[in-house]
Amino acid sequence: MKRKILNSIYDYTLDELKEKLKPSFRAKQVYNWLYKKYVTSYEQMKNLPKELIDDLKENYPINIMEIVKREKSLDGSIKYLFKLRDGHTVEAVLLLMKKKITNDKGEVEQSEKFTVCISTQVGCKVGCSFCLTAKGGFVRNLTVGEIVNQIVQVKRDNQIAQNKSLNIVFMGMGEPLDNYDNFVHSVKVFSELEGLAISRRRQTVSTSGLSTKIEKLGNEDLGIQLAISLHAVDDELRSELIPMNKAYNIKSIIDAVKKFPVDTRKKVMFEYLVIKNKNDDIESAKKLLKLLDGIKAKVNLIYFNPYPGTSYQRPQRDDMLKFQEYLISKGLLCTIRESKGLDISAACGQLKEKEANGSA
């Protein structure tokens, strides 16, 4: 018998929780315990009456996932494997973007900067040929609470202060726009000022290019950032890398992006996974430049992270630099994402695969 995935306390915006809890000020108290103190049980919520605690325990589960594996890289990044209530697992990654710097007096001159990549599905329907997540197929969408709780658990595990901002990227396991309603709702929960208070400008959705959903998201004008996993400059190669391209081709994606509302201080990010002898030549760079003409774009070149069993190879650094230099010389902002976590299970789905095979 298939187990029903119940709601949890993490599913709700503050206004929604106010509708469910009476008197409504109790919702703000619960939010404070959940998102500022990171408690793991209702018994820890000392200012709540016993009757309310009993109701919350019965109707709004708080323990919906647990950390079963973590791998820490020498560069400070941490890969997490979470076990959900139905036994399935998903991943998240904490990336240390900037380290804390203190002076001789012990005073902090620069605080840490963190980005967390989170999952939105168990498995994925997109089936990218370079992605290990695709190997297990699609199982189910994550609930809003399961998306939100990844951030709570990562902050708790690393003792990240409640007032410490971090960036969220919806680019772990799964295609966020394929779990559209839960993804959008989690954006709203994340940005609650009485909760995690993560500005929508600090939230980025990375999509494989469901063009119709990109248009729908644009119409909602949530104020989040958009990243497109492009990876190729022609439909032939992109369909090899991302079979979904046959339904949502490059032209449809570019057309949808041109309609997407972009903050005047921001750009649309185009993620370009560079694979040796596939898309790492200057001719591809020229086509990419032409493709993005007229878009306020930034290109992020990403080294392919090899994993056991893949036929794709990591590109040479010289080829990456030549690709970048060509785009910059033509006026297109382009960065190279330096790979993190190469000494751990860095590729998306790799830690889950290792655990499943008993080698983690």
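The values are calculated or read from the model by the stated rules, or taken from the named source; none is laboratory data. Everything numeric here is computed off the predicted structure, so don't read it as measured data. Backbone-built Cβ (ideal geometry, glycine too); neighbour counts: all protein chains shown.
Computed values, structure above
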{"read-out": "Residue match in segment 208-229 (condition: of a type in the set (Lys, Arg) and over 26 Å from residue 13 (Cα atoms))", "value": "no"}
{"read-out": "One residue from 38, 31 being of a type in the set (Phe, Trp, Tyr), at pLDDT 95 or above and in a loop (DSSP other than H, G, I, E, B)", "value": "38"}
{"read-out": "Subset of segment 17-49 that is of a type in the set (S, T, N, Q) and touching a residue at least 12 places away in the same chain (Cβ under 8 Å) - its residue that is surrounded by the fewest Cβ atoms within 10 Å (Cβ to Cβ)", "value": "47"}
{"read-out": "Answer residue from segment 62-74, given it is buried (at least 17 other Cβ atoms within 10 Å of the Cβ) and not in a strand (DSSP E or B) and is modelled with the lowest pLDDT among those", "value": "73"}
{"read-out": "Residue 329 more than 30 Å from residue 202 (Cβ to Cβ) and at pLDDT 95 or above", "value": "yes"}
{"read-out": "Complete set of residues in segment 131-152 that are touching a Phe, Trp or Tyr at 6+ places or on another chain (Cβ under 7 Å) and not hydrophobic (A, V, I, L, M, F, W, C)", "value": "145, 149, 150"}
{"read-out": "Scan of segment 77-107 for residues that are of a type outside the set (A, V, I, L, M) and touching a residue at least 60 places away in the same chain (Cβ under 8 Å), ordered by number", "value": "77, 79, 80, 82, 85, 86, 89, 91"}
{"read-out": "Residue within segment 1-23 that is out of contact with any Pro (no Cβ under 9 Å at 6 or more places or on another chain), modelled with pLDDT of 95 or more, in a helix (DSSP H, G or I) and of a type in the set (S, T, N, Q) present", "value": "no"}
{"read-out": "Hits in segment 169-181 - residues which are surrounded by fewer than 20 Cβ atoms within 10 Å (Cβ to Cβ) and either of a type in the set (Gly, Ala, Ser) or out of contact with any Phe, Trp or Tyr (no Cβ under 9 Å at 6 or more places or on another chain) (or both)", "value": "180, 181"}
{"read-out": "Neighbours by Cβ (under 7 Å, 6+ apart or cross-chain): first from segment 263-292, in contact (Cβ under 8 Å) with a residue 24 or more places away in the chain; second basic (Lys, Arg) and in a loop (DSSP other than H, G, I, E, B)", "value": "267/296; 268/296; 276/314; 289/330"}
{"read-out": "Among residues of segment 147-188, those that are touching a residue at least 24 places away in the same chain (Cβ under 8 Å), part of a helix (DSSP H, G or I) and either acidic (Asp, Glu) or not assigned by TED's automatic domain parsing to the domain that holds residue 242 (or both), counted", "value": "2"}
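Conditions (1) within 21 Å of the chain's Cα centre (by Cα); (2) at positive phi; (3) of a type in the set (D, E, K, R), marked per residue:
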{"site": "38", "(1), (2), (3)": "yes, yes, no"}
{"site": "44", "(1), (2), (3)": "no, no, no"}
{"site": "74", "(1), (2), (3)": "no, no, no"}
{"site": "84", "(1), (2), (3)": "yes, no, no"}
{"site": "101", "(1), (2), (3)": "no, no, no"}
